[in-house]
Structure formats: C-alpha cells, structure tokens
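Single-structure report; data block below.
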Amino acid sequence: MISNEDFLQLFRQNSAQQHIPIHTQIFRQQEAVRDIYLLAKGLVKMTRVEKDGQETILDLRFVGSLLGATSALANEPAPMTAISVTLCEVYRLSVKEFLRLAQSDEAFWHELLKLVSRQRNEQVDQRAQQSTLDARSRLIRLLLLGKRVWPRTKRAAIPGLTP
C-alpha cells in the first residue's frame, strides 16, 4: 500500500511545478479541465456563477488540495471556477497522465480516493456551517483555519513538495 506522502511524491514526479500569480483563473466553470493541480503553497477560491449572474464562493482550497480531479474522473466540465487568491505554487499534471496513473497504479488510485473523499467531507462540513452559523462566526472560523493552515505554507507543508 502506498502512503499519502508516497502518493504526493508520485504526483510530483509526474507533474510540472508552476507558480500561479494572484487573481489568476486556473480553470473555468463549465469548461473541460485540462490539468489537475496539487496546491503546494497558497490559497484558491472556488466560485460559481449562476444564470442570473450571481457569483458565489463555494469553497476555499488550502495546501494539499487537488484541483480538477473530480471533473477529470467524471469526464465532466468543471462545476466551478478556480481562482488563486494568493500567489500559488502548484504541481500540474495533465488529465491524460493523471488518468493513466489512476488506472495503472492501484495504490495511487486508493490514495487518490482517500484524498478526494477527505476534500468532499470538508466541503460538506463547510456547507453545513454556512447554513447554521452567522456571518461573524463563519469569519472567525475561517480566520482560525487560516491561522492553522497558512503558517505551515511557509515551511515544508507537504513532504517533498516545498523546499
């Protein structure tokens, strides 16, 4: 069985490192995802624009998040737009190579499922809190989460991914 650290290392070995400037669209809602991104440093917001033009921030992605994986696995367009909030360091892997790894390496597939499932569970928790907490409480929670996550981005937050 492959460990989470080994999964991240395998992803990194098969990908290209890239720096994404602040406020850059990584991929767009309703467009095919061409690459999968592993966030090594920075913060990304996931937004969705409805037919009436209303834009909503659906999620914030922190270090260790995979971006675009679920769309690639489902062979569906992105349900939301990914935009860098800060300068980001990512590891970019083409969808073709990502799917090849997922299909050919059972241990990679197993760790990928765990990672995607954890991200989904976090999203469900965030949505539940959005409907039960007032705006002030949500902001405090976000600031506490940021305090817990962002300092780690200055160090090697993901073994083997950041210097």
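Please treat every number below as a calculation from the coordinates, not as lab data. For clarity, every value in this text was computed on a predicted model and none was experimentally measured. Here the Cβ positions follow ideal geometry from the backbone for every residue, glycine too, while neighbour counts run over all protein chains shown.
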Legend entry - Stretchable slack from E31 to D134, in nm (0.36 nm times residue separation minus alpha-carbon distance): 33.7 nm
Inset, instruction - Please work out the C-alpha center-to-center distance from segment 54-101 to segment 24-38 and express it in whole Å. - result: 6 Å
Inset, instruction - Sequence neighbours fewer than 8 away in the same chain don't count; with that in mind, list the aspartates and glutamates whose C-alpha is under 13 Å from K96. - result: D35
Inset, instruction - Pop a pseudo-label 7 angstrom from the Cα along the beta-carbon direction at both R100 and R120 and give the gap in nm to one decimal. - result: 2.7 nm
